[in-house]
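The values are calculated or read from the model by the stated rules, or taken from the named source; none is laboratory data. Model, not experiment: these values are computed from the prediction. Cβ: placed from backbone, ideal geometry, glycine included. Neighbour counts: every protein chain shown.
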Amino acid sequence: MTITILMLMGGRSSEHEVSLSSARGVMEALDPDQFAVVPVLIHPSGTWTHDDRPVTLSAGSDGRGVLIDLDGGPTTAIDVVFPVLHGPFGEDGAIQGLCEMIGVPYVGAGVAASAIGMDKALFKSIARQHGLPVADAVLVTSVSWANDDSAIQVAVGAMGYPVFVKPARLGSSVGISRVAAPDELDAAVTVALRFDDKVLIEQAIVGQEIEVGILGDAELVVSPPGQIQYGADWYDYQTKYESGRAELQIPADLPEEVTQRVQELAAAAYRSIGCEGMGRIDGFVTPDGGVIISELNTIPGFTPTSAYPSLMAAAGISYPELVARLVGSAIARAERERTLRR
């Protein structure tokens, strides 16, 4: 039986274009003999379209969703939603909550894990509670910065420069600045507050920048760590997405005991927020062999050359098998949850 997948792409966040590239990669990897893909573009305005016609998703029968043509065209039954959306309004629990309300299976982490993974400050707090090593940081809001920026300056000074200033709930290095001295802090916070009213000022970590891919629910497939190599001062948006500016070396050049520690901590971070389906954990290995967990991406990049599919390939799972397993995991979770009395 062919499974009909609603592929959600684009989205309202500043990562709209990255999402489109990821979605193309997923659609090319899905076996047409097993899956029928219905692509839906979410425009920056929030409008949903399929074949340039406005559509919406509603509850159907027997655990399926229904894609409704708002201009009166035919409806389409949907078995699974595959949200290939990065950033707010897609990776943060918003789409996941909609799917829960409708009762249609969806790929990836649930509402709570998606929201926590998106919020770097909240993720860092939970990671600390679970004893995971994270970088020092100072949390800033638009209100606290306006009312008491001098106290924040003192706190950051005690932490030490350089620091990175980043929107707490955004990805792809959008709105992030590297700050080398106190006189640069105000401008960097101002930039970050344009994207989010919650900002992290985080201690810069010296070391190898690493990423680990994870697939699964109760049982996890944890990839070998990959090491990001680039010539820029730091891993900014252009370095991430412009061809030839960065390279992911898999496996990372690490001693065996450090590799094992990285994988153990990545899995612990994944479980700490109740993540399901997939995730990419980013972090650092310091010169003395210490490991720092930085963040967890619940919908990582999915272009054929993105880190996540490459990491999972190194774990022995091809791109077509990866996306097929994610769809199967979504269906299995939905079947389990239908047995719950709520």
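Values as computed for the structure displayed
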{"read-out": "Residues that are of a type outside the set (Phe, Trp, Tyr) and closer than 30 Å to Glu295 by Cβ, drawn from the range 49-92", "value": "Leu57, Val80, Val81, Pro83, Val84, Leu85, His86, Gly87, Pro88, Gly90, Glu91, Asp92"}
{"read-out": "Some residue of the range 317-336 being at pLDDT below 95 and either in contact with a His (Cβ under 6 Å, 6 or more places away or on another chain) or of a type in the set (Asp, Glu) (or both)", "value": "yes"}
{"read-out": "Cβ-Cβ under 7 Å pairs, at least 6 apart or on other chains, the range 77-104 side touching a residue at least 40 places away in the same chain (Cβ under 8 Å), far side of a type in the set (D, E, K, R) and surrounded by fewer than 18 Cβ atoms within 10 Å (Cβ to Cβ)", "value": "Ala77/Arg64; Ile78/Arg64; Asp79/Arg64; Val104/Arg64"}
{"read-out": "Test: Val84 is out of contact with any Pro (no Cβ under 9 Å at 6 or more places or on another chain) and within 24 Å of Ala29 (Cα to Cα)", "value": "yes"}
{"read-out": "Flag if Leu265 is assigned to a strand (DSSP E or B), in contact with a Gly (Cβ under 8 Å, 6 or more places away or on another chain) and of a type outside the set (Phe, Trp, Tyr)", "value": "no"}
{"read-out": "Test: Phe82 is in contact with a Gly (Cβ under 9 Å, 6 or more places away or on another chain), surrounded by 19 or more Cβ atoms within 10 Å (Cβ to Cβ), aromatic (Phe, Trp, Tyr) and farther than 30 Å from Val206 by Cβ", "value": "yes"}
{"read-out": "Selection from the range 86-118 of residues that are of a type in the set (A, V, I, L, M) and touching a strand residue (DSSP E or B) at 6+ places or on another chain (Cβ under 6 Å)", "value": "Ile95, Ile102, Val104, Val107"}
{"read-out": "Leading residue by the ranking (farthest from Ala332 (Cα to Cα)) among those in the range 202-242 that are modelled with pLDDT of 95 or more and of a type in the set (Val, Ile, Thr)", "value": "Ile210"}
{"read-out": "Asp62 being in a loop (DSSP other than H, G, I, E, B) and in contact with a strand residue (DSSP E or B) (Cβ under 6 Å, 6 or more places away or on another chain)", "value": "no"}
{"read-out": "In the range 1-59, the residues that are surrounded by fewer than 14 Cβ atoms within 10 Å (Cβ to Cβ), touching a helix residue (DSSP H, G or I) at 6+ places or on another chain (Cβ under 7 Å) and farther than 22 Å from Thr75 by Cα", "value": "Asp31, Pro44"}
{"read-out": "Matching residues, the range 278-335, being in contact with a strand residue (DSSP E or B) (Cβ under 6 Å, 6 or more places away or on another chain) and part of a loop (DSSP other than H, G, I, E, B)", "value": "Thr298, Pro300, Ala315"}
{"read-out": "Elements of type strands (runs of 3 or more DSSP E) in the range 96-180, at least 1 residues being under 19 Å from the mean Cα position of the chain (by Cα) and not polar (S, T, N, Q)", "value": "163-167"}
{"read-out": "Residue in the range 269-276 that is outside any helix (DSSP H, G or I), under 20 Å from the mean Cα position of the chain (by Cα) and of a type in the set (D, E, K, R) present", "value": "yes"}
{"read-out": "Among (1) over 24 Å from Gly10 (Cα atoms); (2) outside the structural domain of Val212 (by TED's automatic domain parsing), the one test that Val285 misses", "value": "(2)"}
